[in-house]
Amino acid sequence: MKRIDYKWKALALLWVAFFLQQGTRQIFGATLTSIQGAFGVDAKGIGIVVTVFTFIYGLSVPFAGLTADLFNRKWMVVSGVFVFCLGIFASGFASCVWMLLVTYGVLNGFGQSFYYPSATSIIGELHKETRATALSILQMGLYAGIIGCSAASGYLAQGGANGWRLPFWVFGGIGIAWAVVLALMLKSKAEGPEAERPRSEVPKASLREALTAFLGNPSAILLMLGLGMMIYVDVGFKTWMPSHLAESFGLAKGSAALNAVLWHYIGAFVGVTLGARISDRLVGTRPSVRMETNIAGLALAVPFIAWMAYTPSLVVCCAAMALFGVFRGVYDSNLMASLFDIIPQRYHASGAGIMLSGAFVFGSTSPFVMGLMKDRFSSSSGLASLAAFYLAGAAIITVARWRSYGGKAVAA
């Protein structure tokens, strides 16, 4: 393969890893009711497993980002994929909720924190003019992983009382094997004429410098807060939508797991493609377009979140999830590209880590809070409440856009 093609080869390798990272997260949601039945716990008790995972991820990811800026990003990716897939594999052997808290919550959460800051930094370093497009292609791995793993997990989990264990073993084992593939094929240094300044020539970031660069930038903090609103919605939606469909419309477990993600992420495929193409085309003359794309995606999704929560029709619910997905994809298309536009290259991985940390620590409360709402009110109430968080996220990023670009949206 020619050297100029390496940026796309690297993207393909990282895409599969992202497919596994995001897809294995959905195994829990797809098998949630089976796990509840096996361990005899209520919605609040099972929701805390996802809360622990999200909280551990949020605490670990800033240190993972800084480590990636200080050391080798390839090996951060490889070790991360190996560790979180080991946690997924071990979750299939859990005999109680407390064991899941360790394997799925702690080990999986810690390992997953290694992947995203390093992977997006590698892609950002290799892709300059095509940055939003490349990161959007990576984002499609999230959608494909969630759809594919959710459907497969729902199907595999139907094999008796312990059927829920099988998807953890299958996808955990595949991920461990893929970590070996990454170790052999992913390169340690960026290659190709479009690669940005070699990292050996970029001064290393210290923890103090990275924190100062991020926390001293009000727009970066606002983007983190906006992402926190989105993560709260995303984690809650993926955790509780399968059970909502099963209980509200009488779907079987496998069908509920598939429908909970299929229509939403088909819509997201469309949205992320449109958002990336529009922003990459306009960013040369309108630098603020990436944040404006974020704002539009969150704001326009709001009515469809409420619609999917309260409609008595399965068809309408699926249509609302799809439209919610379109605008969620528009936001996703410039999620990290917006941040990379306003912080120096040397802080890309650490900045991504800090941004994800604050967002996931906040978002970690969603499964527990929605479990409480489900026990006391209804699953519809919990899902409908998510609309307010998207609206708040759009307002926060609007302030970030104003602080970064003011009225100068068009380049001179």
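Each value in this text was obtained by applying a stated rule to the coordinates, not by laboratory testing. Not measured: the values here are computed from a predicted model. Note that we place each Cβ from the backbone using ideal geometry, even for glycine, and neighbour counts take in every protein chain shown.
Under the rule of at least 5 residues apart or a separate chain, name every residue whose amide H is placed under 5 Å from the amide H of ARG286.
ALA411
For the chain, which semi-axes, largest first and in whole Å, follow from the square roots of 5 times the eigenvalues of its Cα gyration tensor?
32, 25, 19
If the elastic network links every pair of Cα atoms under 10 Å, which of PHE84, PHE168, PHE39 fluctuates the most in the Gaussian network model of the chain?
Top of the fluctuation ranking is PHE39.
What do you get for the angle between helix 366-376 and the principal long axis of the chain? Use alpha-carbon atoms, 0 to 90 degrees, nearest ten.
30 degrees
Identify, among LEU245, ILE342, MET291, the residue whose Cα sits farthest towards the positive end of the charge dipole of the chain, taking +1 on the Cβ of Lys and Arg and -1 on the Cβ of Asp and Glu, with the dipole about the Cα centre.
ILE342
Please name whichever of PHE360, VAL97, LEU211 sits farthest to the positive end of the charge dipole of the range 3-405, dipole taken about the Cα centre and charges placed at Cβ: Lys and Arg +1, Asp and Glu -1.
The residue sitting farthest along the positive end of the dipole is LEU211.
For the chain, what's the relative contact order in percent, using C-alpha pairs closer than 8 Å and at least 6 residues apart?
Result for the chain is 27 percent.
Per DSSP H run of n ≥ 4, the term is -39500 (n - 2.57); total these for the chain, divide by its residue number, and report the mean residue ellipticity at 222 nm rounded to 500 deg cm²/dmol.
So the calculated ellipticity at 222 nm is -27000 deg cm²/dmol.
Given points 7 Å out from each Cα along the Cα-Cβ axis, report the ARG281 to ALA252 separation in nanometres with one decimal.
It works out to 4.4 nm between the two label points.
What number, in percent, do you get for the relative contact order of the range 200-334 if the mean sequence gap of Cα pairs under 8 Å and at least 6 apart is divided by its residue count?
28 percent
To test your reading of the geometry: what angle, between 0 and 90 degrees and rounded to tens, separates the Cα axis of helix 43-70 from the longest principal axis of the chain?
20 degrees
Where does helix 73-91 land angle-wise versus the long Cα axis of the chain, in degrees 0 to 90, nearest 10?
0 degrees
Return the whole-Å distance between the Cα centroid of the range 327-398 and the Cα centroid of the range 20-62.
If you average the Cα positions of each part, the centres end up 17 Å apart.
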